[in-house]
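What follows is a short report on a single structure.
The values are calculated or read from the model by the stated rules, or taken from the named source; none is laboratory data. Keep in mind that this is a model prediction, so the values were computed, not measured. Cβ coordinates were reconstructed from backbone atoms using ideal geometry, including for glycine residues, and neighbour counts include every protein chain displayed. Side chains included, ligands, DNA and RNA excluded: accessible areas come from the protein's heavy atoms. Shrake-Rupley method; radii C 1.70, N 1.55, O 1.52, S 1.80 Å.
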Amino acid sequence: MPLPYLRWQPQHIDWLRLSQIPRLGPVALKRLWQTFGSADGILRASYSQLTEAGLSDRLAQQLVGIDRQQTNAYLEQVDRWLLQSENSLLCLDDPDYPPALQALDDPPPILYLTGDAELLSQPQIAIVGSRSATPQGLGNARQLSRELSLSGLIPTSGLALGIDAAAHQGALEGLGLTVAVLGTGVDQCYPRRHQLLASQILDQGGVLLSELPLGTPPRGPQFPRRNRIISGLSLGLLVVEAAIKSGSLVSASLALDQGRELFALPGSIHNPQARGCHQLIRQGAWLVDSAEQILQELAPLLESKQTSTTPALAGGIELAELPNLAPAQRQLLEALGYDPVSLDQLVIRTGLQVDQLQSQILALELQGVIASVAGGYQRC
């Protein structure tokens, strides 16, 4: 049976064949890729070359025995899925594969995506927490996600109940963009009650992604495994509520191992869902209670990405080109010209409080819309 899409992407066929070999995991596949240079190189390697690269006899025999001319049912399934324009694959050696993920010791060999894959190149903030969150925790996650979104970060989470869902909802209320990393196949929705939320994410330009094969149902071990992708895609990870023994603390540990910034929101000493956050703070996580504090800590990392992630903001952007500005941000831009304006003058022109004004200034600076210059601030 012909493969209308995959026949134009032979390297994707090779990665899909490799992904079907039992017990050939991400760590081994990255090592093989670094040794042989491509999926094709891996599949062309001899038995002795594979064992010299560290593979067991059994895995080496399986690789050498692959029939690359055979079209199996799974390849046909993936090909049909890829014929839908919103679906795509990113394999480990693709130019658009996220560099931050590629640098991990165990990067997903294949990412299955529904939505705009270019979103993965934007600066992201992971937001995670308890599935049985308190109403206050849900409100905090939603508010912080909305504010971080309006400041130009892409909130990334796992579509789970509780804090994950609140983080996605807050992002949808902000600039509307969010990334959901699933613990199932990307063509599945778990929990089922989040089907509407998943549709809203896609409708507003977001992304659903998974490393798991199409059709993979929910199984317990898959969810901790996907957490390394959530943190790996992000500049930092924010834990809003978490019990002492929880998957969110596993995510926090992964984030630290990956060299990501770690933030924790404190809570009541009487709330068991806050104790994990308190533990993280004692262990060195940044204690934060506002989006501005997170943005300040991430500012050096964001500045290094600004040129590549916000090219459209250069050369004198007009307000009409920024339809999703928060009211306070629009008010600030209307008060600015292309000549420097001092902070005191901006307070008078906008009527905003100094702390609120500084928060919006920082957000717009990080988006590359305004700049700090001698004498105050001006539009770029």
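Working carefully through the options Gln34, Gln62, Gln11, Gln69, find the one that is touching a helix residue (DSSP H, G or I) at 6+ places or on another chain (Cβ under 9 Å) and not aromatic (Phe, Trp, Tyr). So that I can check it myself, show each step before the final result.
Numbers: Gln34 fails: touching a helix residue (DSSP H, G or I) at 6+ places or on another chain (Cβ under 9 Å); Gln62 fails: touching a helix residue (DSSP H, G or I) at 6+ places or on another chain (Cβ under 9 Å); Gln69 fails: touching a helix residue (DSSP H, G or I) at 6+ places or on another chain (Cβ under 9 Å).
From the options Gln34, Gln62, Gln11, Gln69, the qualifying one is Gln11.
From the residues in segment 195-214 that are open to solvent by less than 50 Å² (accessible area, probe 1.4 Å) and part of a loop (DSSP other than H, G, I, E, B), which one is nearest to Pro98 (Cα to Cα)?
The initial filter retains those residues of segment 195-214 that are open to solvent by less than 50 Å² (accessible area, probe 1.4 Å), namely 197-198, 201, 205-212, 214.
From what's left, part of a loop (DSSP other than H, G, I, E, B): 205-206, 211-212, 214.
Numbers: Gly205: 18, Gly206: 16, Glu211: 13, Leu212: 17, Leu214: 21 Å.
The residue in question is Glu211.
All but one of (1) at pLDDT below 95; (2) at negative phi hold for Gly152, so report the exception by its number.
Single failed check for Gly152: (2).
Give the number of residues within segment 93-117 that are without any contact (Cβ under 8 Å) to a residue 24 or more places away in the chain and within 20 Å of Gly185 (Cα to Cα).
1
Mind counting the residues in segment 236-254 that are within 14 Å of the chain's Cα centre (by Cα) and within 14 Å of Pro266 (Cα to Cα)?
Of the residues in that region, 1 qualify.
Just checking, how many residues over segment 237-267 are more than 16 Å from Thr156 (Cα to Cα), open to solvent by 50 Å² or more (accessible area, probe 1.4 Å) and touching a residue at least 40 places away in the same chain (Cβ under 8 Å)?
Matching residues across segment 237-267 total 0.
Hey, any hits in segment 124-141 for a residue that's under 18 Å from Leu202 (Cα atoms) and part of a loop (DSSP other than H, G, I, E, B)?
no
All but one of (1) touching a helix residue (DSSP H, G or I) at 6+ places or on another chain (Cβ under 9 Å); (2) assigned to a loop (DSSP other than H, G, I, E, B); (3) within 23 Å of Ile110 (Cα to Cα); (4) open to solvent by 10 Å² or more (accessible area, probe 1.4 Å) hold for Pro217; which doesn't?
Answer for Pro217: the failing condition is (1).
Out of Leu325, Leu332, Leu302, Leu346, I need the residue that is modelled with pLDDT under 90, surrounded by 16 or more Cβ atoms within 10 Å (Cβ to Cβ) and not in a helix (DSSP H, G or I). Which one?
On the way: Leu332 fails: not in a helix (DSSP H, G or I); Leu302 fails: not in a helix (DSSP H, G or I); Leu346 fails: not in a helix (DSSP H, G or I).
Of the residues listed, the single one that is modelled with pLDDT under 90, surrounded by 16 or more Cβ atoms within 10 Å (Cβ to Cβ) and not in a helix (DSSP H, G or I) is Leu325.
Quick one: is Leu50 of a type outside the set (Lys, Arg) and not in a loop (DSSP other than H, G, I, E, B)?
Details: of a type outside the set (Lys, Arg): yes; not in a loop (DSSP other than H, G, I, E, B): yes.
Spelling it out, Leu50 is indeed of a type outside the set (Lys, Arg) and not in a loop (DSSP other than H, G, I, E, B).
Being open to solvent by less than 50 Å² (accessible area, probe 1.4 Å) and either small (Gly, Ala, Ser) or touching a Phe, Trp or Tyr at 6+ places or on another chain (Cβ under 7 Å) (or both) is true for just one of Gln378, Gln360, Gln367. Which residue is that?
The unique qualifying residue is Gln378.
Name the single residue that is farthest from Gln122 (Cα to Cα) among those in segment 355-368 being of a type in the set (A, V, I, L, M, F, W, C) and at pLDDT 80 or above. Break it down stepwise before answering.
Keep residues of segment 355-368 that are of a type in the set (A, V, I, L, M, F, W, C), which gives 357, 361-364, 366.
Narrowing further to those that are at pLDDT 80 or above: 357, 361-362, 364.
Working: Leu357: 25, Ile361: 20, Leu362: 18, Leu364: 16 Å.
Here the answer is Leu357.
Looking at segment 4-47, which of its residues are buried (at least 18 other Cβ atoms within 10 Å of the Cβ), part of a helix (DSSP H, G or I) and either among the small types (Gly, Ala, Ser) or touching a strand residue (DSSP E or B) at 6+ places or on another chain (Cβ under 6 Å) (or both)?
His12, Trp15, Ser19, Ala28, Ala39
Take the residues in segment 96-154 that are among the hydrophobic types (A, V, I, L, M, F, W, C) and open to solvent by 60 Å² or more (accessible area, probe 1.4 Å), then tell me which one is nearest to the chain's Cα centre (by Cα).
First, the residues of segment 96-154 that are among the hydrophobic types (A, V, I, L, M, F, W, C): 100-101, 103-104, 110-111, 113, 117, 119-120, 125-128, 133, 138, 141, 144, 148, 150, 153-154.
Of the ones still in play, those that are also open to solvent by 60 Å² or more (accessible area, probe 1.4 Å) are 103, 138.
Working: Ala103: 15, Leu138: 20 Å.
Taking the candidates together, the pick is Ala103.
Could you grab me the full set of residues in segment 175-188 that are touching a residue at least 60 places away in the same chain (Cβ under 8 Å) and surrounded by fewer than 24 Cβ atoms within 10 Å (Cβ to Cβ)?
As a first pass, look at segment 175-188 and keep what is touching a residue at least 60 places away in the same chain (Cβ under 8 Å): 175-176, 179, 185-187.
Those that are touching a residue at least 60 places away in the same chain (Cβ under 8 Å) and surrounded by fewer than 24 Cβ atoms within 10 Å (Cβ to Cβ): Gly176, Gly185, Asp187.
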